[in-house]
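Q: Encoded as structure tokens, here's the structure I'll be asking about.
The values are calculated or read from the model by the stated rules, or taken from the named source; none is laboratory data. The structure displayed is predicted, hence computed values, not measured ones. Ideal geometry is used to build each Cβ from the backbone, glycine not excepted, and the neighbour counts take in all protein chains shown. The accessibility values were calculated without ligands, DNA or RNA, using every heavy atom of the protein model including side chains. Shrake-Rupley method; radii C 1.70, N 1.55, O 1.52, S 1.80 Å.
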Amino acid sequence: NTVFNVPYSQFIKVDLDVRKYFNLTPKSSIATRAYVGLIEPYGNTDFIPFVRSYTAGGANDIRAWAAATLGPADFPRYDGGEDVFAIENMKLLLSAEYRFNITGIFNGAFFVDAGNIWGTDKAYEPTLFKFKDFYKELGIGSGVGIRLDLTYFLLRADFAYKIHDPSYEVGNRWRFENINLLRPRLAFGINYPF
């Protein structure tokens, strides 16, 4: 199984991305998203190519975390451990956003994101997806956003806060007492996240 004597990766990848939008008034709406992804190797390799793996966090994902720094599962991180790049082969993402017009080309949003990444290899227990525990391992972030609607594209700044951080021990994952309103995770983007 080679191409020009180079082995190639074989895998199956399934992504399900469901989005629903509810118009409340001519200038306000609620946008929701549910995303599930799974990738499994077969044949030539027993691993997933790096560029095809799943990550969690970032401006179009779970905005309270920097890109690819959430997870996997409830894997513990040390203080300042957001420079660790996490990848896995299963992902769950849920988002809801209330969008409204402030005035003219300025729009606002209130949002909540939840999700994480997991492994499916039973040989590596710490990151394994377990149906009975996955909801305890969801990273949950919430915040507010400002949007500048320039007709052809939209500039976005989201100010997000970690509400539930699965990297902490059970019983200490809800982070309400640690929220500092003056120190949000700032996420910039072009157009809506979903």
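Q: Please list E40, E88, E177, E137 in order of solvent-accessible area, largest first, computed with a 1.4 Å probe with all protein chains present.
A: E177, E40, E88, E137
Q: While we're looking at this one, here's another question. Quick one: accessible surface of K162, probe radius 1.4 Å, all protein chains present, in square angstrom to the nearest 10.
A: Around 60 Å² of this residue is reachable by solvent.
Q: Still on this structure: Ignoring ligands, DNA and RNA, what accessible area per residue does region 37-183 give at 1.4 Å, in Å²?
A: Per-residue value: 53 Å².
Q: Ignoring any ligand, DNA or RNA, what whole percent of the accessible area of region 1-80 comes from carbon and sulfur when the probe is 1.4 angstrom?
A: 59
Q: Could you run the Karplus curve 6.51 cos²θ - 1.76 cosθ + 1.60 with θ = phi - 60° over region 184-194 and give me ³J(HN,Hα) per residue in whole Hz, x for Gly and Pro?
A: Couplings: x, 7, 8, 10, 9, x, 10, 6, 6, x, 6 Hz.
Q: Got the relative contact order for the chain handy, in percent, Cα pairs under 8 Å and 6 or more residues apart?
A: Answer for the chain is 19 percent.
Q: Can you match Rg and Dmax of the Cα atoms in Å to one of these, [x] 16.6, 57; [y] 16.1, 43; [z] 18.5, 61, based on a calculation from the structure here?
A: Correct label is [z].
Q: Got a sec? Charge dipole of the chain, +1 on Cβ for Lys and Arg, -1 for Asp and Glu; which of T127, L70, F100 is way out at the positive end?
A: About the Cα centre, the residue reaching furthest to the positive side is F100.
Q: Something else now. Within a Cβ distance under 13 Å of F188, other residues only, what is the Lys/Arg minus Asp/Glu net charge?
A: Summing Lys and Arg as +1 and Asp and Glu as -1 gives +3.
Q: Which value, in debye to the nearest 20, gives the size of the charge dipole of the chain about its Cα centre, when Lys and Arg are +1 and Asp and Glu are -1 at the Cβ?
A: So the magnitude is around 660 debye.
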